[in-house]
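A quick write-up on the structure given underneath.
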Amino acid sequence: MNTAFEQYLHRQGFRLNTIRGYLRYTRAFCHWCKQQGTEAEKIDYAGLVAYIKACRPTCTLHTIRGQLGGLRHYFNYLVAGGVREDNPVAALRLRGVTHPGPPDVLKWPELEALYQHYPATGLTAKRNKVMLGLLIYQGLNTAELALLETTDLRLAEGVVYVPATGRSNSRILRLEAHQVVQLQNYVLTLRPALLALAGKQVSRLFFSSGQGTLLHNTFHRLRTGIQRVCPACKGLSHVRASVLTHWLSCLPLRQVQYQAGHRYVSSTERYSTDKLEGLQEQLDNLHPLAGSQEET
C-alpha cells in the first residue's frame with residue numbers, strides 16, 4: 001500500500017516532507033485498524049470517529065488535523081483505485097478549528113522595494129529575480145513555481161496559467177507589464193543559456209543549474225538573496241503571506257481566493273489581519289455531515 005500510495009501523492013504534486021507526514025499518519029491509522037480487528041480500506045464513518053477519539057488523549061488539535069488531511073488523501077487514493085466508493089473523511093469537520101493568522105507581514109512598499117533591489121547579476125541571479133517576481137506579483141508558492149511549464153506562459157495575452165497542485169486550484173493570472181518583458185527575455189535568452197550550462201533538456205520553466213531535478217537548492221539561494229536585501233523577510237512563505245494579506249486589504253475576498261488558488265475560502269480568510277486566532281489545543285465534538293473538509 002505504502003509504495004502505491006506514495007506514488008499517488010507524488011503524482012498529486014505534494015512536497016517530500018508532506019508525503020512523509022501523510023505516510024506516517026496513514027501507517028498509524030492502519031496499525032490502529034489492525035488492532036481493532038478491522039481493515040483500513042473498509043472502515044466506515046463510525047470507525048473513523050472512533051479512531052479520532054482514540055487520538056484525543058495524546059495528540060494536539062494541530063496533529064489531529066494533520067492526520068485527517070493525510071487520511072482524506074488516502075481515501076481519495078482508494079476511491080481513485082476503485083477500492084471503495086466513498087471518502088469517509090469528507091463527512092468530518094473539527095468544530096471550531098481556526099488557522100493561525102499571518103505572521104508580521106511585509107507591507108506592499110517593502111515587497112516592491114525587495115523586488116527592485118534584488119541583485120540580478122549572472123544567469124542564476126537573473127532567473128531567481130524572475131521567480132521572485134512571480135512570488136510577489138502573482139503570489140505563487142514554491143510548489144507552483146516548480147510545476148510551471150514554458151507553455152504555461154501566454155505572453156501575448158499578458159497572463160500565466162498556474163497548474164493545480166495537491167493543495168491548490170489552477171488559475172490564470174495577469175502579469176505586470178515589466179514581467180512580460182522580463183519573462184520573454186528569460187525564455188528566449190536566459191533559459192537556453194542555463195539549459196546549456198546544466199546540460200539539460202527539460203520543459204519546466206524553472207530548473208536547477210546542477211545535476212539534480214529538484215529546486216530545493218535554488219529556492220535556498222533565492223531565500224538567502226531575499227534576506228540579504230530584506231533581513232525582516234523570514235522566507236518564501238513569508239513573502240506569499242505578505243502578498244495575500246495585501247490583496248485582502250484592497251480586493252474582494254473571493255477574488256483573492258481565486259488568485260491564491262485556495263480551494264476553501266477559510267484558507268484565504270486566515271490571511272486577514274482581523275483573524276489573528278491561534279489553534280485551540282483541545283478537540284471539540286466531531287460534527288457529522290458538515291459539508292466539505294477545510295483545507296490543511
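Nothing in this text is a laboratory measurement; each read-out follows from the coordinates by a stated rule. A quick note: this is a predicted structure, and the numbers were derived from the prediction, not measured.
Taking a straight Cα-Cα cut-off under 17 Å and skipping sequence neighbours fewer than 8 places away in the same chain, the lysines within cross-link reach of Lys42 are Lys34. Residues whose amide H lies under 5 Å from that of Arg171, counting only those 5 or more places away or on a different chain, are Val162; hydrogens are built 1.01 Å from N in the peptide plane.
Take the convex hull of the alpha carbons in the chain; its mean projected area over all directions comes to 16.8 nm². Here the Karplus curve 6.51 cos²θ - 1.76 cosθ + 1.60, taken at θ = phi - 60°, turns the phi angles of the stretch 176-185 into couplings of 6, 4, 5, 6, 4, 5, 5, 5, 5, 5 Hz, with x standing for Gly and Pro. Secondary-structure-derived ellipticity at 222 nm for the chain, considering helices only, amounts to -15500 deg cm²/dmol, per-run term -39500 (n - 2.57) for DSSP H runs with n ≥ 4. Of Ala164, Ala260, Ala54, which has the largest mean-square fluctuation in a 10 Å C-alpha GNM of the chain? Checking each option, the largest mean-square fluctuation is seen for Ala54. Which angle between 0 and 90 degrees, to the nearest 10, do you get for helix 108-117 versus the longest principal axis of the chain when only C-alpha atoms count? Value to nearest ten degrees: 50. Could you work out how far helix 61-80 tilts from the main Cα principal axis of the chain, as a 0 to 90 degree angle to the nearest 10? Computed tilt is about 90 degrees. Using a Gaussian network for the chain with springs between C-alpha atoms less than 10 Å apart, which of these wobbles most: Arg65, Arg11, Arg270? The residue that fluctuates most here is Arg11.
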